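The structure appears right after this line, and notes come after that.
The values are calculated or read from the model by the stated rules, or taken from the named source; none is laboratory data. Predicted, not measured: the structure shown is a model, and the values here were computed from it. Quick reminder, even Gly has a Cβ in these numbers, built from the backbone with ideal geometry, and neighbours come from all protein chains shown. Please note that ligands, DNA and RNA were not included when accessible areas were found on the heavy atoms of the full protein model with its side chains. Shrake-Rupley method; radii C 1.70, N 1.55, O 1.52, S 1.80 Å.
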Amino acid sequence: MGRQTVGLVGLGVMGANLARNIEAHGSRVCLYNRTYETALEFMEHYGEGHDFLVAPTLRELVGHLQRPRRIILMVPAGRPTDAVIQQLVPLLEPGDMLVDGGNAHFRDTDRHADELGQLGLRFVGMGVSGGEVGALHGPSLMPGCAADAYAELEGLLSQIAAQTDSGPCVTHVGPRGSGHFAKMVHNGIEYGDMQLICEAYDLLRRGLGLTPPELAAVFDEWNRGELSSYLIEITARIVSFPDDRGGDGVLIDHIADRAQQKGTGRWTTQVALDLGVPIPTITAAVDARQLSALKAERVAAEEVYGKPQPATSLGDRFVEDVRAALYAAKICSYAQGFALLSAASSEFGYHMPLAELARIWKAGCIIRAQFLDRVREAYQAQPQLPNLLISPSFREEVASRASRWRRVIAQAVACGIPVPAMSASMAYFDGYTSSRLPANLLQAQRDYFGAHTYERIDAEGVFHTRWQE
C-alpha cells in the first residue's frame, strides 16, 4: 500500500519542523503554504533524500492524500485558520480529518468541531507545546477530538511526540476544544512559572547583588534538586551568557525589560474569571508583563519617587530562603492551573484526565519538570482531588517552607523589589487555608447599599437587614 501520506498546511518554523518530524517517523508529507515560494525553499533545504511532496494548491494537496485524509493545519490562529478551513471543506469527504495544531482559542475549536461534524468531517484541536525544537524532536501533544479520531491518530502522534519512561507525551485529552483548553492552561502555568523565576532572579541579582557567575551557579544547583526543570535549566545558562554582539558583560543586561505575550496567558485569566476559579499567580504574571510594557512611564515614575532605600539586611541564608519560596509558590501556581482544568472538565463536559496531563507535560513542553511526576501521582491517588495544596504529596512541602517564603516576601517589600507572583501565591495559600475570611463584611456591605441579602452562620435561609433604621 505504500507509506501513509499526511497533509500539512503552513510552513512557518513550527510547521516546517513538525513536517520533518512526521516524515522522519515513516510518513510521506504533502506540503502546502500560502506563499508557494516558501514551500519551494523548504524543499531546497530539506527535500533531498526525504519523502516530501509540494502542492501548489489546496485542491492538489487533497488529491495526493489517501482516504480518510489527514491534514494538519499549522497556521496562525483566528481568521487565518478559519480561512483555510473554509477553503478545504468543499474539497473533503465524510470521514476526512482536519487537525488544528495552532494556538487556537478553545471556543473556536468547539465551533469548528460542531460545524464540521455536521458535515461528516472529523476535527481535532491539538495543543502543541515545545517550541521549534520540540516540534522537530518531540513535542508534548494535546489532541481534543472524538474517541474514534484519536484512535486513528494515536499511532502517528505517539511516534512524533516526546518520549519518557512513562510513555509518549500524548494523550486523548477529551472532546472538541479540550486539547486547546489544556494547551491554554499549560501556557498560563508557563506564565506563572516564568514570572516566579524572574522574581527569584531579581531578588538575587538586584537585592543580594550576586554576580552573573554566582547566579549561574545558584540556578544550576537548584536544577539538581526539587526545582529541576527546563526553565530553571535555561535560566542557569542565560544569566551568565556573554553578549553575542561583543558588548561588555552578559547579554541579559543588554536586553530590554519589556516582555511580549501572544495572549494565551490572558485567555487563561479571562476564562478563570468566567468559571469563578481563582488563579492569582497566573493573573499576576500576565499583569507583570503588561506593566513591563510601560517602560517610559516606569522610568518617569522612578524619577519622581526615587529608588527605595532597603530597610533590611538580606542575610546569608537568603539564597536558600528564595529557593524555598520559589518552590512553594510554584506548587500554588500549578494548584491553580489544575483547579481550572478540573472546573472546565465539569463545566464544558471535557472530562480531562488530569494525571495524564501531568504525565505528558513531563517532557517536550516548556513547563517540563521533575515536579510533574509528583503532580501525576497526586491525581492518580485521588482523581477527584479538589486542589494540589491538600494532597499528602505536597502538604508538608509547602508547610515546611512557609516561614521562609513569608520572610522572602517581607524582605522584598522592604527592599522595594516587586514580587507580584510570589506574593499572589502566598495570598492564595493563606486564603485557601483560612476557615474564616472577611467576606462576611463584604456581604454586609452589599446588603447595606444594594439589598443583596446575606446568609447567617446560625440560621438557615437568606436575610436582609434595614441597616439605616
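Could you tell me which of the residues P90, P143 is at pLDDT 95 or above and surrounded by fewer than 22 Cβ atoms within 10 Å (Cβ to Cβ)? After applying the criteria, what remains is P90.
For region 273-307, a residue qualifies if it is farther than 29 Å from L215 by Cα and in a loop (DSSP other than H, G, I, E, B), and the qualifying residues are G276, V277, P278, I279.
Residue pairs whose Cβ atoms lie under 6 Å apart, separated by 6 or more positions or on different chains, with the first residue in region 12-24 and farther than 10 Å from D51 by Cα and in contact (Cβ under 8 Å) with a residue 60 or more places away in the chain and the second part of a helix (DSSP H, G or I) and open to solvent by 40 Å² or more (accessible area, probe 1.4 Å), are V13/E132; N17/E132; N17/L136; N21/L136.
Quick one: would you say N223 is in contact with a helix residue (DSSP H, G or I) (Cβ under 7 Å, 6 or more places away or on another chain) and under 30 Å from L153 (Cα atoms)? No; evaluated as a whole, the condition is false for this residue. Considering only residues in region 159-177 that are touching a Cys at 6+ places or on another chain (Cβ under 8 Å) and not in a strand (DSSP E or B), the one that is most open to solvent (accessible area, probe 1.4 Å) turns out to be R176.
With respect to (1) in a helix (DSSP H, G or I); (2) within 27 Å of L157 (Cα to Cα); (3) among the basic types (K, R); (4) open to solvent by 40 Å² or more (accessible area, probe 1.4 Å), the lone exception for R359 is condition (4).
Would you mind finding the one in R59, R20, R70 that is modelled with pLDDT of 95 or more and open to solvent by less than 50 Å² (accessible area, probe 1.4 Å)? R70 is the lone residue from the list that is modelled with pLDDT of 95 or more and open to solvent by less than 50 Å² (accessible area, probe 1.4 Å). Considering G209, G192, the condition of being under 25 Å from I409 (Cβ atoms) and either part of a helix (DSSP H, G or I) or touching a residue at least 60 places away in the same chain (Cβ under 8 Å) (or both) is satisfied by G192 alone. Checking region 284-293 against the condition returns a match, with at least one residue being under 19 Å from H186 (Cα atoms), in contact with a Gly (Cβ under 6 Å, 6 or more places away or on another chain) and in contact (Cβ under 8 Å) with a residue 24 or more places away in the chain. So which residues in region 194-214 are open to solvent by 30 Å² or more (accessible area, probe 1.4 Å) and either under 26 Å from the mean Cα position of the chain (by Cα) or within 14 Å of R289 (Cβ to Cβ) (or both)? Scanning region 194-214 gives M194, Q195, C198, Y201, D202. Can you find a residue that is under 23 Å from F394 (Cβ atoms) and part of a helix (DSSP H, G or I) anywhere in region 257-272? Yes, region 257-272 has at least one match.
Taking the criterion of being modelled with pLDDT of 95 or more, among the acidic types (D, E) and over 17 Å from the mean Cα position of the chain (by Cα), would at least one residue in region 333-353 satisfy it? Looking for residues that are modelled with pLDDT of 95 or more, among the acidic types (D, E) and over 17 Å from the mean Cα position of the chain (by Cα), one finds at least one in region 333-353, hence yes. Sub-6 Å Cβ pairs linking a first residue in region 42-57 that is assigned to a loop (DSSP other than H, G, I, E, B) to a second residue that is aliphatic (A, V, I, L, M) and open to solvent by less than 80 Å² (accessible area, probe 1.4 Å), at least 6 apart or interchain, are A55/L61, ordered by first then second residue. Would you call E347 acidic (D, E) and either over 20 Å from L273 (Cα atoms) or open to solvent by less than 40 Å² (accessible area, probe 1.4 Å) (or both)? Spelling it out, it is not the case that E347 is acidic (D, E) and either over 20 Å from L273 (Cα atoms) or open to solvent by less than 40 Å² (accessible area, probe 1.4 Å) (or both). Answer with yes or no whether G349 is out of contact with any Lys or Arg (no Cβ under 7 Å at 6 or more places or on another chain), touching a residue at least 40 places away in the same chain (Cβ under 8 Å) and at positive phi. Considered against the rule, which asks whether it is out of contact with any Lys or Arg (no Cβ under 7 Å at 6 or more places or on another chain), touching a residue at least 40 places away in the same chain (Cβ under 8 Å) and at positive phi, G349 comes out as yes. Within region 294-316, the residues that satisfy the criterion of being without any contact (Cβ under 8 Å) to a residue 60 or more places away in the chain and of a type in the set (D, E, K, R) are K295, E297, R298, E302, E303, D316. Does S403 satisfy the criteria of being polar (S, T, N, Q), crowded, with 16+ Cβ neighbours inside 10 Å, at pLDDT 95 or above and not in a loop (DSSP other than H, G, I, E, B)? In short, no. Counting the residues of region 362-378 that are open to solvent by 10 Å² or more (accessible area, probe 1.4 Å) and either over 14 Å from the mean Cα position of the chain (by Cα) or free of Cβ contacts under 8 Å to residues at least 40 places away in the same chain (or both) gives 5. Scanning region 127-140 for residues being surrounded by fewer than 24 Cβ atoms within 10 Å (Cβ to Cβ) and either over 15 Å from the mean Cα position of the chain (by Cα) or over 25 Å from T269 (Cα atoms) (or both) gives a total of 5. In region 100-126, the residues that are open to solvent by less than 10 Å² (accessible area, probe 1.4 Å) reach residues that are assigned to a helix (DSSP H, G or I) and of a type in the set (F, W, Y) with C-beta atoms within less than 8 angstrom, at least six apart or across chains, in these pairs: F106/F181; V124/Y150; G125/F106.
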